[in-house]
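Colleague: Would you mind keeping the following structure in view while I ask a few things?
The values are calculated or read from the model by the stated rules, or taken from the named source; none is laboratory data. All values derive from a computational prediction rather than experimental measurement. All Cβ positions, glycine included, derive from the backbone under ideal geometry; neighbour counts span all protein chains shown. All accessible areas refer to the heavy atoms of the entire protein, side chains included, with ligands and DNA or RNA removed. Shrake-Rupley method; radii C 1.70, N 1.55, O 1.52, S 1.80 Å.
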Amino acid sequence: MDGQLDRRAELSEFLRTRRARLKPEDVGLPSYGRHRRVPGLRREELAQLAGVSVAYYTRLEQGNGRNVSAEVLDAIARALRLSDAEQAHLTHLAKPQQQRRRAAASRAQQPVRVALLQLLESIDTVPAYVTGRRSEILAWNRMAAALFGDWGKLPAQERNWARLVFLNPDYRDLFVDWDQKAHDMVSFLRMDAGRHPDDPRLSALVGELSVKSEEFRRLWATHDVKEKSYGVKRMRHPLVGEMTLSFETFRLVDDDEQAFITYHAEPGSPSAEALRLLASWGTDAAASLRT
């Protein structure tokens, strides 16, 4: 894979896969049963729903988003029944912000503010870390190391959630619902690719994972995108066993490329006791994950 992702191809495939998942009956159109030759809606059906010409929509699905208006994109998003995250992804692909993309892609480092690092160090009972572009892990506290493994022992390039999830077998054991974690990870990278298709480091990451992981290739081909700012993860730690933890994601107001993420357990639960044990074991717990 070369130094950037093909934005026209990304736009084309995203629209095609979103159209293919809709059935005529889903949108109030007659179905012709086995006589239909394509999965999902035809281009002319989608164009009719969106109120645009077939030729106009065809050009867009072929990757030509030049001069497309926000109103047309909104109409197509409604016709395709896109989620908020999918609609944002469509807008990024069709109407890229050239200057912002170039400036962001050129930054080799993503420095974490000193005050944020101090906040991380002050939190000693809750795993917390900061992530940046391309799912890179930028900073973490002692409890995050106890839960996820000591990322400080990894080369900087390996401190990346996508690489850990798909290429490190320990993380398959750590996440009880690994398939869901993998899907979430790829969906996040797709969103990042839509915002920064000319980022050579992101392109290199996608290329590496596509070569090394069949699961990644399969999930990447779905073109699914979503943003998940909170939820629940079930973890299976080698020292304290299974835990159910809630996570919260806080985007930085002054830098939405970075996020502050915490994991916590319900007070008084077995999972809370497991976290307390991890806190008391500290670096010994971190060493139990062979990362």
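Colleague: For the stretch 237-250, what are the residues that are assigned to a strand (DSSP E or B) and either touching a Phe, Trp or Tyr at 6+ places or on another chain (Cβ under 8 Å) or open to solvent by less than 30 Å² (accessible area, probe 1.4 Å) (or both)?
Modeller: 237, 241, 243, 245, 246, 247, 248, 249, 250 - these are the residues of the stretch 237-250 that are assigned to a strand (DSSP E or B) and either touching a Phe, Trp or Tyr at 6+ places or on another chain (Cβ under 8 Å) or open to solvent by less than 30 Å² (accessible area, probe 1.4 Å) (or both).
Colleague: Could you please let me know if residue 172 is closer than 27 Å to residue 275 by Cβ, basic (Lys, Arg), in a helix (DSSP H, G or I) and open to solvent by 60 Å² or more (accessible area, probe 1.4 Å)?
Modeller: So residue 172 passes the test.
Colleague: Are any residues in the stretch 62-80 at pLDDT 90 or above and surrounded by 19 or more Cβ atoms within 10 Å (Cβ to Cβ), and if so, which ones?
Modeller: 73, 76, 77, 79, 80
Colleague: Checking the structure you have, find out if any residue of the stretch 212-219 is open to solvent by 20 Å² or more (accessible area, probe 1.4 Å) and at pLDDT below 95.
Modeller: Checking the stretch 212-219: not a single residue is open to solvent by 20 Å² or more (accessible area, probe 1.4 Å) and at pLDDT below 95.
Colleague: Residues in the stretch 256-274 that are within 30 Å of residue 191 (Cβ to Cβ) and surrounded by 15 or more Cβ atoms within 10 Å (Cβ to Cβ): how many?
Modeller: Summing the residues that are within 30 Å of residue 191 (Cβ to Cβ) and surrounded by 15 or more Cβ atoms within 10 Å (Cβ to Cβ) in the stretch 256-274 gives 10.
Colleague: Further, regarding this structure: Answer with yes or no whether residue 130 is among the β-branched types (Val, Ile, Thr), buried (at least 18 other Cβ atoms within 10 Å of the Cβ) and outside any helix (DSSP H, G or I).
Modeller: Yes.
Colleague: Need pairs with beta-carbon distance below 6 Å; first residue over 19 Å from residue 273 (Cβ atoms) and free of Cβ contacts under 8 Å to residues at least 24 places away in the same chain and within the stretch 128-148, second buried (at least 23 other Cβ atoms within 10 Å of the Cβ) and acidic (Asp, Glu); sequence gap 6+ or separate chains.
Modeller: Close Cβ pairs (under 6 Å, with a partner that is buried (at least 23 other Cβ atoms within 10 Å of the Cβ) and acidic (Asp, Glu)) do not exist here.
Colleague: Name, by its number, the condition in (1) under 20 Å from the mean Cα position of the chain (by Cα); (2) modelled with pLDDT under 95 that does not hold for residue 123.
Modeller: Tallying (1) under 20 Å from the mean Cα position of the chain (by Cα); (2) modelled with pLDDT under 95, residue 123 fails exactly one: (1).
Colleague: What tally of residues in the stretch 209-234 results from selecting those that are in contact (Cβ under 8 Å) with a residue 12 or more places away in the chain, assigned to a helix (DSSP H, G or I) and either out of contact with any helix residue (DSSP H, G or I) (no Cβ under 7 Å at 6 or more places or on another chain) or over 16 Å from residue 194 (Cβ atoms) (or both)?
Modeller: 5
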